[in-house]
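Below is one structure; the comments refer to it alone.
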Amino acid sequence: MYDQVNLFWQDNSKNESGFIVERKTGIQDFDEVAKLQSNCSFYLDMHLQEERTYFYRIKAYNDAGISSASNEAKAITEAKPTQNEPPEAPSHLLGRATSPTQIQLAWQDNSKNESGFQIARRTSGKPYQVKGEVFADTTSFTDNLVEPDTMYYYKVRAINSYGNSAYTDEIQVKTKASKEEEGDTNKPQRPNNLEAQLEDNMILLTWNDSSNNETGFRIYMAIDDPELFAAYKDVPANTTRYEEKELLIPGHTFYFKVSAVNKFGESDFSNEVNVVIKEVEVKERPAAPTDLKAFETYAEEVVIKWKDNSNNEDGFKIERRRIDEGKFTIIQTTPSNMSDYRDKELKPDTT
């Protein structure tokens, strides 16, 4: 995307309070851009500049301190797509018959502002009809509703709300010949018991295969609105599991349903399921406290007081050093909204 970067990492600790996301450009120092909750393993950095190189690293932290930084990851944002105009046409459309009842298509995506692609098909002497529609950035389509030993003609175009691109050049693909088998000429039974769960940075779909004559399964998906399903992926016959690793976008709900297909038609849909990708909470840095003062109350105790200037802190870290020490050391972490602390059991007559 031209204004956002997706980050993913492996959580190797079991005692972190959270993670710190740091970012830089060029030779500048890293700056903290987000503080995330524990057990998080992804972050969506938004509102970036287009065509710019960014470097990222991640640190874990808890009350005892901050871990060393992860490896650096590099990301380059794309150029911002031209708005308010139809997308550019795709090109280099290719096709092949993989079985008597299946044709696979692939093309090159040349646009950056399409909302999807339409696949048009015809047979000899017949007009073109749109036979499929896929999401933006998709570059392939599997047609499972074809007859054996038949010539098909295809072309593809990009679409968005401002219009449609020109079609690709027409291609022709002939399915393989097949002997008609006696027996079953019915469309397949619908799959059932569709389940979806979020695990290991992917959406896992599983279902029961209730038919014995499907040539494949078609996965349908809708984003945020279950009334707007569209065909998303075609998978081979006898498949009962699908792993989706590209849709882990925080703040969105993804809906799925599955059908079985063969040359005689498409089954009814399975039950619908959904997966919610929770929004990552992004916190701003708290304002620094001021007016720090120290009071000696006894020979071995010092009371410190300060002014709390923030309204979003998780707490305060108190650091101390002796006059002969070069660095401060964290001696205590207090809850939020505190403004004083008593340091006990100190060495008398020491600054």
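Readers should treat all values here as calculations from the given coordinates under stated rules, not as data from a laboratory. All values derive from a computational prediction rather than experimental measurement. Glycine also receives a Cβ, built like all others from the backbone with ideal geometry; neighbour counts cover every protein chain displayed.
List the pairs from Lys176/Lys257; Lys35/Lys307; Lys74/Lys155 whose alpha-carbon separation is above 28 Å, in the order I gave them. Show your work: numbers first, answer last.
Numbers: Lys176/Lys257 30 Å; Lys35/Lys307 23 Å; Lys74/Lys155 37 Å.
Those over the limit are Lys176/Lys257; Lys74/Lys155.
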If you average over every viewing direction, what projected area does the convex hull of the Cα atoms of region 5-76 give, in nm²?
4.8
Need one number: the % of Cα-Cα pairs in region 94-140 sitting beyond the 15 Å mark.
54
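Counting other beta carbons within 10 Å of each Cβ, put Lys74, Lys317 in order, fewest first. Spell out each step's value before the answer.
On the way: Lys74 9, Lys317 13.
Going from least to most buried by this count: Lys74, Lys317.
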Report, in whole Å, the centroid distance computed from the Cα atoms of region 108-162 and region 232-273.
19
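From the square roots a ≥ b ≥ c of the eigenvalues of the alpha-carbon gyration tensor of region 116-196, which class results: rounded (a/c under 1.5), prolate (a/b over b/c), or oblate? Mind dumping the intermediate values first?
Values: a/c = 2.80, a/b = 1.27, b/c = 2.21.
The shape class here is oblate.
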Counting Lys and Arg as +1 and Asp and Glu as -1, what is the net charge of the other residues whose Cβ lies under 14 Å from the Cβ of Lys307?
-2
For region 290-343, count all C-alpha to C-alpha pairs, find those more than 16 Å apart, and express that count as a whole percent of the total.
48
Radius 13 Å from Cβ of Lys24, net charge of other residues (Lys, Arg +1; Asp, Glu -1):
-2
Correct choice for mean projected area of the Cα convex hull in nm² that was computed from the model, options (i) 24.7; (ii) 17.0; (iii) 21.7:
(i)
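Can you sort Tyr167, Tyr56 from fewest to most other Cβ atoms within 10 Å of each residue's own Cβ? Let's see the in-between values first.
Details: Tyr167 17, Tyr56 22.
In increasing order of surrounding Cβ atoms, one gets Tyr167, Tyr56.
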Met46 and Asp29 label points (each 7 Å along its Cα→Cβ direction) are spaced in nm at 2.9
For region 221-351, what's the relative contact order in percent, using C-alpha pairs closer than 8 Å and at least 6 residues apart?
17
Using a basic spin-label model with each label point 7 Å from the Cα along Cα→Cβ, how many nm lie between Asn192 and His252?
3.2
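Take the alpha carbon gyration tensor of region 192-277, find the square roots of its eigenvalues, order them as a ≥ b ≥ c, and report rounded if a/c is under 1.5; if not, report prolate when a/b exceeds b/c, else oblate. The partial results should precede the final answer.
Numbers: a/c = 2.22, a/b = 1.67, b/c = 1.33.
The shape class here is prolate.
Answer rounded, prolate or oblate for region 163-237, using the Cα gyration tensor with square roots of eigenvalues a ≥ b ≥ c: rounded when a/c is under 1.5, else prolate when a/b is larger than b/c, else oblate.
Values: a/c = 2.29, a/b = 1.11, b/c = 2.06.
Oblate.
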Residue-wise, which Karplus ³J(HN,Hα) couplings in Hz belong to region 141-153, taking 6.51 cos²θ - 1.76 cosθ + 1.60, θ = phi - 60°, and x for glycine or proline?
7, 10, 9, 9, 10, 10, 9, x, 6, 10, 8, 10, 10
